[in-house]
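The values are calculated or read from the model by the stated rules, or taken from the named source; none is laboratory data. Treat the numbers as computed from the prediction; the structure is a model and nothing was measured. Glycine also receives a Cβ, built like all others from the backbone with ideal geometry; neighbour counts cover every protein chain displayed.
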Amino acid sequence: MILYFSATGNSKYVAQRIAKALDDKAVSVEHHNGNIVLSEKEYFGIVTPVHFWELPVIVREFLENMTLTLSKENYSFMVATYGSIPGCCGTDTKKVLEKKNIFLDGAFSVKMPDNWTPFFDLSNPRKVQQQNDKAEITIDKLISQLKTRKTGNHAVPKAPYFLRGLTDNLFRKARQTANFHVEETCIGCGICVKRCPVQAIELQNNKPVWIKEQCALCLRCLHTCPKFAIQYGNNTKEHGQYKHPDFVNCEKRS
């Protein structure tokens, strides 16, 4: 079983490539009940983006609340998709699983375009495509490592785990929904409401309003808004929207 959380398609794409190579299935944590029973020699993988050098809120909550029944010779791994550094994600996942008496065999990382556009500029399609092209090589190598069940933390570059105390405080502050605003170009389509993974948005007078003080900070609302009307802070408008090409293709087919 390969589980993933993906706001704009990166982790979903990696999870699906891994699942196909391992003759397995990829399932979003948003659509899984958290009860997992592994068969003999089955893989258990989690593919996740990196939020402020740590696990996304949704992934952490899923791992903390799931029930996992192991069998013989299972192999557990995590893959962090990241833009600058996977930070503490490998150790973070290991520590969460250890509380459930689950040993994490391997941790890996794949550098991809980072949808955190308050900082990263993704307005140049050519540069974004080059990043995704490079990621394909990394994914091929990753799949080879998973097939041989490579062990150890290979999510690089790493960050010392003690830094998580600092980044966690920054993460909580950044998750405040007061940082979002909606431009006049909004057409009230409600896509942001339907796609918010923590139900933090609702339509009021045909405009999105954040009804929770904090959200998951995945920026799915910003990047999938058809009018690019949702912004976070002051820089996102200039830095553009991002969706993995496979995500875009899936939207066109649906």
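Does Ile36 satisfy the condition of being at pLDDT below 95 and either within 27 Å of Phe162 (Cα to Cα) or not small (Gly, Ala, Ser) (or both)? Even if it seems obvious, please write down each step before you answer.
Working: at pLDDT below 95: no; either within 27 Å of Phe162 (Cα to Cα) or not small (Gly, Ala, Ser) (or both): yes.
Against the criterion (at pLDDT below 95 and either within 27 Å of Phe162 (Cα to Cα) or not small (Gly, Ala, Ser) (or both)), Ile36 does not qualify.
Here's the yes/no breakdown for (1) closer than 21 Å to Cys89 by Cβ; (2) in contact with a helix residue (DSSP H, G or I) (Cβ under 6 Å, 6 or more places away or on another chain); (3) in the same structural domain as Thr81 (by TED's automatic domain parsing):
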residue: Lys127; (1), (2), (3): no, no, yes
residue: Gln131; (1), (2), (3): yes, no, yes
residue: Thr138; (1), (2), (3): yes, no, yes
residue: Phe171; (1), (2), (3): yes, no, no
residue: Phe180; (1), (2), (3): no, no, no
residue: Cys189; (1), (2), (3): no, no, no
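Among the residues of the range 171-190, is there at least one that is among the charged types (D, E, K, R) and surrounded by 14 or more Cβ atoms within 10 Å (Cβ to Cβ)? Can you show your working first?
Our first condition is that a residue be among the charged types (D, E, K, R); within the range 171-190, this holds for 172-173, 175, 183-184.
From what's left, surrounded by 14 or more Cβ atoms within 10 Å (Cβ to Cβ): 175.
Yes, because at least one residue in the range 171-190 is among the charged types (D, E, K, R) and surrounded by 14 or more Cβ atoms within 10 Å (Cβ to Cβ).
Of everything in the range 3-22 that's over 21 Å from Tyr75 (Cβ atoms) and touching a Leu at 6+ places or on another chain (Cβ under 9 Å), which residue is surrounded by the fewest Cβ atoms within 10 Å (Cβ to Cβ)?
So the first thing to find is which residues in the range 3-22 are over 21 Å from Tyr75 (Cβ atoms), and the list is 6-10, 12-13.
Those left that are additionally touching a Leu at 6+ places or on another chain (Cβ under 9 Å): 7-8.
Values: Ala7: 26, Thr8: 24.
It comes out as Thr8.
In the range 14-57, which residue that is among the basic types (Lys, Arg) and in a loop (DSSP other than H, G, I, E, B) is nearest to the chain's Cα centre (by Cα)? Quick ask: steps written out before the conclusion?
Looking only at the range 14-57, we keep the residues that are among the basic types (Lys, Arg), and these are 17, 20, 25, 41.
If we keep only those that are in a loop (DSSP other than H, G, I, E, B) as well, we get 25, 41.
Values: Lys25: 17, Lys41: 26 Å.
Taking the candidates together, the pick is Lys25.
Taking Gln231, is it in contact with an Asp or Glu (Cβ under 7 Å, 6 or more places away or on another chain) and either in a loop (DSSP other than H, G, I, E, B) or on the phi < 0 side of the Ramachandran plot (or both)? Outline the logic, then answer.
On the way: in contact with an Asp or Glu (Cβ under 7 Å, 6 or more places away or on another chain): yes; either in a loop (DSSP other than H, G, I, E, B) or on the phi < 0 side of the Ramachandran plot (or both): yes.
Spelling it out, Gln231 is indeed in contact with an Asp or Glu (Cβ under 7 Å, 6 or more places away or on another chain) and either in a loop (DSSP other than H, G, I, E, B) or on the phi < 0 side of the Ramachandran plot (or both).
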